[in-house]
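Reading through the structure tokens given below for one structure.
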Amino acid sequence: MDESRRATLIEAAGRWGTPLYVTDLDAAVANAQAWRDALPGALVAYAVKANPDPALLRRLADEGFGFEVVGPVELSLARRAGATSDRIVVNGVGAGDAHLADALAGGALVNAESLSALDALLLAGKGRIGLRLNPSIAAATHPHLATGAAASKFGIALDELPEAVHRLARAGRAPASLGAHIGSDIHDAGPFGGLAELLAGLAAKSDVAQIDLGGGYAGPLDAWVDAVAPHIPETERLVVEPGRSIVADAGWLLTRVVRVQARGHLIADAGMTELVRPMLYGATHPVELLEPGAGLPRGEAWTLSGPICEAGDILARNLDLGPTAGEGALLAIGQAGAYGAAMASNYNGRLRPAQAVIEGGEVRLSRRRETLEDLTARDLTEG
Ligand code: LLP
């Protein structure tokens, strides 16, 4: 990373302590803008679940981006950030009737993920009902992140689609959108070409205005565009729901080394409770030394472990951060903008970390660190 980035991150750690998440809003907006430039007229709906930092949502809303939300709370967060309903897409395999009805009445595009959800939406009344399909496409990714395979719980099966379209037609309606989300952390653009071909073919049969290709792509954008464009040249018909590709490389988790076990463990003040991805998906994140700490015994490949009482609480393996990454060293864990802060937990009595944002070269706090009072506020039993 360049010197000014390094200086900003060091400043943030000094002001608000560690563990601390820092998101560069300008970098995230540039990533979102790249989607918009590549797909003129398309709805670029940022997947809120990747990182619901309030300053990030506000900035993306101000810049005119849309939001993909799951559940009533994310819907409220998008609305609070200033998103207009015509730019909100609602998904959710477990969405309840009341939530679906509220989202529909509010004007969002609401995707039915089952025939039963479709019935609930039809009962709820007017509004834009989309169909989220199970496209039976298995993209290469971690099994926890593959959502497009036939056996997954997501979406209306292809052989149920005629019935779904029939139920809409009986109500005098047509699907506002046909879409699918085939999974996450997919580096190969090929499956998105297959999805585009499938959806374009289906949409042609039933008078569908929009085609929603979901999120999930984690490779270079031009390869995605090359895969999709032959099947859907009219980009203004498209909805995309990128999360990771907008925020992953715009965020860092800052942590300090607290203890060193000479048998190979650097123990950090962040762990699986702040960044669960290495433990949950075997994800690898780059680690960089920002500020030196005490000296380290030489010649070892270090494991960066967290403070949690679980042997699997590991952030990174085989690290060589040089001879000064001992106690007190400040580290930046990269590619942490997506599904980092969003998946933080209170396990082991951990208070969720503070979040800061960089905008126009300045860094400021966007969410303060959780406190013991926050944690006990819901308790119905005294002390
Ligand atoms: N649309 C829908 C319907 C989704 O379920 C998701 C992510 C997205 C869009 C955005 O996908 P993205 O572009 O961010 O890959 N916790 C996991 C990721 C789970 C993704 C869930 N759905 C991780 O840490 O890798």
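Just a few scattered comments:
- Filtered residues of region 263-275 (kept if of a type in the set (A, V, I, L, M, F, W, C) and crowded, with 21+ Cβ neighbours inside 10 Å): 266, 268, 270, 272, 275
- Any hit, region 224-232, residues being more than 9 Å from the ligand (Cβ to nearest atom), over 11 Å from the mean Cα position of the chain (by Cα) and buried (at least 24 other Cβ atoms within 10 Å of the Cβ): yes
- Residue within region 204-213 that is closer than 15 Å to residue 111 by Cβ, in contact (Cβ under 8 Å) with a residue 40 or more places away in the chain, within 13 Å of the ligand (Cβ to nearest atom) and buried (at least 24 other Cβ atoms within 10 Å of the Cβ) present: yes
- When we screen 70, 48 for residues that are within 13 Å of the ligand (Cβ to nearest atom), out of contact with any Phe, Trp or Tyr (no Cβ under 8 Å at 6 or more places or on another chain) and within 30 Å of residue 193 (Cα to Cα), the only hit is 70.
- Being among the hydrophobic types (A, V, I, L, M, F, W, C), within 12 Å of the ligand (Cβ to nearest atom) and crowded, with 21+ Cβ neighbours inside 10 Å is a condition met by at least one residue of region 247-259.
- Qualifying residue in region 170-179 (condition: among the polar types (S, T, N, Q) and more than 25 Å from the chain's Cα centre (by Cα)): no
- Residue match in region 315-325 (condition: surrounded by 22 or more Cβ atoms within 10 Å (Cβ to Cβ), within 13 Å of the ligand (Cβ to nearest atom) and not assigned by TED's automatic domain parsing to the domain that holds residue 111): no
- Cβ pairs under 9 Å, 6+ apart, first in region 82-109 and over 19 Å from residue 215 (Cα atoms), second assigned to a helix (DSSP H, G or I) and of a type in the set (S, T, N, Q): 103/85; 106/85; 107/85
- Condition met for residue 162 (away from the ligand (no atom under 14 Å from the Cβ), modelled with pLDDT of 95 or more, closer than 22 Å to residue 109 by Cβ and surrounded by 22 or more Cβ atoms within 10 Å (Cβ to Cβ)): no
- Some residue of region 15-27 being β-branched (Val, Ile, Thr), over 23 Å from residue 178 (Cβ atoms) and without any contact (Cβ under 8 Å) to a residue 60 or more places away in the chain: no
- Every condition in (1) within 24 Å of residue 350 (Cβ to Cβ); (2) outside any loop (DSSP other than H, G, I, E, B) holds for residue 224 except the one numbered (1).
- Residue among 25, 9, 56 that is within 20 Å of the chain's Cα centre (by Cα) and more than 15 Å from the ligand (Cβ to nearest atom): 25
- Condition met for residue 298 (away from the ligand (no atom under 16 Å from the Cβ), within 27 Å of residue 53 (Cα to Cα) and over 18 Å from the mean Cα position of the chain (by Cα)): no
- Residue that is farthest from residue 178 (Cα to Cα), among those in region 139-164 that are in contact (Cβ under 8 Å) with a residue 40 or more places away in the chain and small (Gly, Ala, Ser): 140
- Residue, surrounded by the fewest Cβ atoms within 10 Å (Cβ to Cβ), within region 326-344, restricted to residues that are in a loop (DSSP other than H, G, I, E, B) and within 16 Å of the ligand (Cβ to nearest atom): 334
The values are calculated or read from the model by the stated rules, or taken from the named source; none is laboratory data. Values in this document were obtained by computation on a predicted structure and should not be read as measured data. All Cβ positions, glycine included, derive from the backbone under ideal geometry; neighbour counts span all protein chains shown.
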